[in-house]
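A short write-up of the structure that comes next.
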Protein chains: 2
Amino acid sequence: MIKTQKYIQENKDLFLDDLKALLRIPSVSADPTFKKDVKDAAKAVAKLLKGAGLKKVKINKTKGHPIVYGERIVDKNLPTVLIYGHYDVQPADPIDLWDTPPFEPTIKKTKNHPQGAVFARGAADDKGQVLMHVQAVKAMIATKELPCNVKFMIEGEEEVGSIHLGIFCKANRKQLACDVVLISDTSIIGNKTPSITVGLRGLSYVEVEVVGPNRDLHSGVYGGAVANPINILAKMIAQLHDKNNKITIPGFYDDVKNYAKAERAALNKAPFSETKYKKDLQIKEVFGEKGYTTIERTGIRPTLDVNGIWGGYIGEGAKTVLPSAAFAKISMRLVSNQDPAKITKDFTKYFKSLAPKSVKVKVTPHHGGHPAVTPIDSKEYRAAEAAMKKTFKKDVIPQMGGGSIPIVALFEQVLKVNVVLMGFGLDSDVIHSPNEHYGLFNYYRGIETIPYFFEQYCS
Amino acid sequence: MIKTQKYIQENKDLFLDDLKALLRIPSVSADPTFKKDVKDAAKAVAKLLKGAGLKKVKINKTKGHPIVYGERIVDKNLPTVLIYGHYDVQPADPIDLWDTPPFEPTIKKTKNHPQGAVFARGAADDKGQVLMHVQAVKAMIATKELPCNVKFMIEGEEEVGSIHLGIFCKANRKQLACDVVLISDTSIIGNKTPSITVGLRGLSYVEVEVVGPNRDLHSGVYGGAVANPINILAKMIAQLHDKNNKITIPGFYDDVKNYAKAERAALNKAPFSETKYKKDLQIKEVFGEKGYTTIERTGIRPTLDVNGIWGGYIGEGAKTVLPSAAFAKISMRLVSNQDPAKITKDFTKYFKSLAPKSVKVKVTPHHGGHPAVTPIDSKEYRAAEAAMKKTFKKDVIPQMGGGSIPIVALFEQVLKVNVVLMGFGLDSDVIHSPNEHYGLFNYYRGIETIPYFFEQYCS
């Protein structure tokens with residue numbers, strides 16, 4: 001890969017320009033306002049794939065946002081690596097907390113990125129990480145060093161639950177046939193501490209609505225005599241955790257693996273400083289399920305978070321209203337064998353049971369995803385480990401990730417292959433938050449590492 | 001008052017036009033966007049007062065919205081009635097729930113108003129009720145039947161806690177000297193069941209903020225390990241009531257009067273149908289403090305309601321965010337000798353004590369008001385009772401009101417006179433809610449009744 005690496009060093013500026021151009025497109029998949037932009041992003045990705053030398057590049061329509069496909073078949077007898085990623089991004093709200101506009105990529109230095117980072121929504125999640133693969137493959141094709149077949153499948157609905165990807169995969173099993181799926185949509189522990197995510201939590205996401213009286217009421221006239229949906233919703237949410245911060249939904253932990261002492265000890269060996277963690281977030285105390293460490297709480301334990309809540313008067317000043325309804329978005333991160341469909345059903349039943357007769361409760365499921373774990377003794381894991389060791393010159397740590405990529409379990413089920421999660425972001429890149437960014441070091445390091453994965457895996 | 005009543009009958013259309021014109025001005029005092037409109041409403045009121053024949057009409061500047069004054073002195077030796085009201089209105093949110101635009105007054109018939117009602121923000125609270133006095137006094141002056149002195153003080157900050165009225169009253173004690181304050185800003189039980197409000201609840205209104213991490217986080221990466229401000233806020237709110245729906249703030253009930261059995265029995269004699277009440281609001285059950293009836297819960301018992309809540313992602317679709325902060329607006333209705341300043345202090349201390357170390361809590365008081373009770377054996381109560389009996393031809397019921405007019409206690413303290421709450425609205429007029437309206441019957445009945453109050457009181 002000598003020629004490939006030389007090509008990469010010579011084209012760094014161009015690679016950065018490509019990233020900036022893609023980040024300028026506000027491809028927010030959750031919000032219908034941005035539908036055209038999501039489409040534009042798909043077109044831009046297709047153009048980049050063609051520019052990299054991929055064949056059969058196509059923007060596949062779905063009932064939602066399109067899926068971009070491209071491939072380069074070197075030899076049918078050689079292995080095939082399928083690269084998955086997404087070009088859609090999270091909403092940029094709250095926009096007023098961004099120091100620079102979310103869709104005007106800006107290079108700034110940070111403590112963790114002394115060489116600079118690109119600030120923009122989607123920089124790390126996942127446009128920057130998708131482009132690493134495009135550029136790495138481009139370099140290998142240009143230098144004739146691509147050692148095996150490669151396919152790209154870049155979707156536009158990851159942030160809304162990959163709604164139509166499952167159907168697409170099932171309908172196109174032949175075209176997508178491969179030996180491994182390679183994904184960069186996760187983090188490393190630090191720029192001097194490479195790691196590979198071997199476990200991902202699943203997800204159940206619901207929206208709840210608590211309805212009281214048929215109209216907003218004057219709290220002076222009716223307050224104290226009519227159930228206030230906000231008070232009730234607060235009480236219901238409060239009951240979802242017990243005093244040890246365990247989730248109270250009956251049967252919730254039934255399919256959660258209890259890790260042995262030795263396994264937990266191994267997991268807790270990952271470098272982690274609670275002091276630094278608290279300082280970074282400016283919190284006095286961590287907070288979570290009793291009896292588990294922060295690493296365990298975010299890796300091997302399921303959780304329940306309210307992601308949004310609203311109801312009543314939320315404008316300036318005071319309004320003495322007893323509102324007709326209150327709302328919340330609630331998500332649960334799942335582990336081990338927890339089934340998102342079952343958990344959503346159990347949640348719904350339990351949540352409704354918490355309501356007094358005075359209100360009506362509606363639960364709408366948003367989307368879900370199965371938990372997933374990658375075996376570390378597999379050929380693909382070892383290839384990723386070796387590739388990272390080569391560029392980082394450090395031992396690579398297998399890590400349990402807290403986030404969810406619902407599609408991982410689906411790939412394993414439909415395409416019958418293992419998935420490798422070789423991501424290059426940092427947790428401090430604040431994905432999903434204002435001022436998301438992606439380190440230039442990480443972008444280039446990813447581009448440099450990916451060819452070694454191909455070399456190792458296809459040898 | 002024969003000539004006065006004849007004048008009123010002949011000028012009904014004109015009286016309605018005046019009301020519509022005033023309702024077209026969006027004088028929302030809580031929202032700085034409407035500052036100029038509030039000023040315009042003050043000017044319109046001043047013009048109406050002049051048109052009614054009042055003298056020394058003046059728009060008095062304050063540090064907030066202006067106070068309109070006007071007077072008609074018949075004879076210094078005669079009694080003086082001070083009429084108080086407000087020309088500011090509640091915000092119209094949520095605007096999309098209005099059937100007709102909130103500031104385009106529209107006449108429509110309703111079940112409770114078969115003769116029609118004016119639909120507009122402020123129709124019943126309080127522009128319609130203020131204008132009844134202007135028109136009644138206009139009729140008495142025009143027909144030379146005004147039997148005593150009258151003063152008007154119409155403010156523009158009632159909906160935001162009458163912030164500057166106290167200072168104005170204290171600074172202008174001489175000008176405001178009077179024998180009674182007459183206010184129409186309350187309801188009657190029904191158009192065939194006249195009543196006078198003899199008790200009003202006080203108010204303590206606060207805004208709370210629960211802050212966790214210094215930025216919005218990805219709930220997959222941090223969820224379960226970092227305190228989620230929404231979950232915490234919900235838990236804190238849930239703890240403000242016990243299982244019997246009693247408020248848990250230590251000392252909260254210390255100054256609440258325990259009514260004797262006989263007093264409670266008398267109070268519960270007011271006509272009230274729980275079936276109708278539930279049907280009107282489309283609720284299956286009423287909900288409140290154990291051991292008290294709906295009439296008691298809204299009349300003689302203090303309450304705590306969340307008036308608004310917000311935090312995290314509240315847009316379309318799903319966003320897996322663990323937000324940095326969550327907010328709520330919380331108000332308490334106070335009774336008997338509860339002191340709003342003490343209650344706000346007690347709430348703040350208790351609420352902060354409910355938070356785990358992992359979050360920071362801020363409590364900002366909005367405004368407060370003392371509870372108030374009018375003696376029913378007073379000359380002024382009897383005058384109001386006689387006036388209503390004359391026009392309604394029914395016995396008048398003394399009623400405990402749930403709402404708060406913070407200024408009532410202040411008038412009693414500063415001006416050293418009693419206050420009579422002779423309102424003509426209906427609870428079903430949905431003040432503070434979308435589709436607020438005021439019955440034409442009620443508007444005209446108010447204008448007809450007020451001259452009889454003057455006749456009775458000044459005789």
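The values are calculated or read from the model by the stated rules, or taken from the named source; none is laboratory data. Computed from a predicted structure; not experimentally measured. Glycine also receives a Cβ, built like all others from the backbone with ideal geometry; neighbour counts cover every protein chain displayed.
Tallying residues that are on the phi < 0 side of the Ramachandran plot, touching a helix residue (DSSP H, G or I) at 6+ places or on another chain (Cβ under 7 Å) and not in a helix (DSSP H, G or I) within segment B:12-53 yields 6.
β-branched (Val, Ile, Thr) and within 20 Å of the chain's Cα centre (by Cα) - does that describe any residue in segment B:353-363? For segment B:353-363, residues β-branched (Val, Ile, Thr) and within 20 Å of the chain's Cα centre (by Cα): absent.
In the set (1) more than 7 Å from chain A (Cβ to nearest Cβ); (2) under 21 Å from A:Val321 (Cα atoms); (3) among the charged types (D, E, K, R), the condition left unmet by B:Arg301 is number (1).
When you look at A:Ile249, is it farther than 21 Å from A:Ile405 by Cα, in a helix (DSSP H, G or I) and either in contact with a helix residue (DSSP H, G or I) (Cβ under 6 Å, 6 or more places away or on another chain) or touching a residue at least 60 places away in the same chain (Cβ under 8 Å) (or both), yes or no? No; evaluated as a whole, the condition is false for this residue. Return only the number of the condition from (1) loosely packed, with under 15 Cβ neighbours inside 10 Å; (2) in contact with a Gly (Cβ under 8 Å, 6 or more places away or on another chain); (3) within 14 Å of chain B (Cβ to nearest Cβ); (4) not polar (S, T, N, Q) that A:Leu97 does not satisfy. Here A:Leu97 clears every test but (2). Screening A:Lys362, A:Lys379, A:Lys390, A:Lys352 for residues that are free of Cβ contacts under 8 Å to residues at least 12 places away in the same chain and not polar (S, T, N, Q) leaves exactly one candidate, A:Lys352. Of the residues making up segment B:18-67, those that are of a type in the set (Asp, Glu) and at pLDDT 95 or above are B:Asp18, B:Asp37, B:Asp40.
Could you check, for segment B:386-399, whether at least one of its residues is farther than 14 Å from B:Thr449 by Cβ and of a type in the set (Ser, Thr, Tyr)? No: zero hits.
The sole residue among B:Glu71, B:Glu157 that is assigned by TED's automatic domain parsing to the domain that holds B:Ile8, in contact with a strand residue (DSSP E or B) (Cβ under 6 Å, 6 or more places away or on another chain) and acidic (Asp, Glu) is B:Glu71. Taken over segment A:93-113, the residue count meeting the criterion of being at pLDDT below 95 and farther than 16 Å from A:Asp427 by Cβ is 5. Can you tell me which residue within segment A:164-187, out of those that are in a helix (DSSP H, G or I), in contact (Cβ under 8 Å) with a residue 24 or more places away in the chain and of a type in the set (A, V, I, L, M), is surrounded by the most Cβ atoms within 10 Å (Cβ to Cβ)? Checking each candidate, the answer is A:Leu165. Restricting to segment A:347-391, and then to whatever is at pLDDT 95 or above, surrounded by 20 or more Cβ atoms within 10 Å (Cβ to Cβ) and within 25 Å of A:Phe252 (Cβ to Cβ), can you tell me which residue is farthest from the other protein chains (Cβ to nearest Cβ)? Applying the filter and picking the extreme gives A:Phe347. Do the conditions hold for A:Val210, that is, is it away from every other protein chain (no Cβ under 14 Å) and touching a residue at least 24 places away in the same chain (Cβ under 8 Å)? Spelling it out, it is not the case that A:Val210 is away from every other protein chain (no Cβ under 14 Å) and touching a residue at least 24 places away in the same chain (Cβ under 8 Å). Considering (1) surrounded by fewer than 20 Cβ atoms within 10 Å (Cβ to Cβ); (2) within 19 Å of A:Ser428 (Cβ to Cβ); (3) of a type in the set (Val, Ile, Thr), the lone condition that A:Val89 does not fulfil carries the number (1). Residues in segment B:397-420 that are modelled with pLDDT under 85 and in a strand (DSSP E or B): 3 in all.
One residue stands out among those in segment B:138-163 that are assigned to a loop (DSSP other than H, G, I, E, B) and either among the polar types (S, T, N, Q) or more than 14 Å from chain A (Cβ to nearest Cβ) (or both): the one that is surrounded by the most Cβ atoms within 10 Å (Cβ to Cβ), which is B:Ser162.
Among the numbered conditions (1) within 22 Å of A:Asn307 (Cα to Cα); (2) touching a residue at least 24 places away in the same chain (Cβ under 8 Å); (3) within 14 Å of another protein chain (Cβ to nearest Cβ); (4) assigned to a loop (DSSP other than H, G, I, E, B), the only one that A:Lys243 does not meet is (2).
Checked against the criterion of being without any contact (Cβ under 8 Å) to a residue 60 or more places away in the chain and within 22 Å of the chain's Cα centre (by Cα), the candidates B:Asp125, B:Asp93 yield just one match: B:Asp93.
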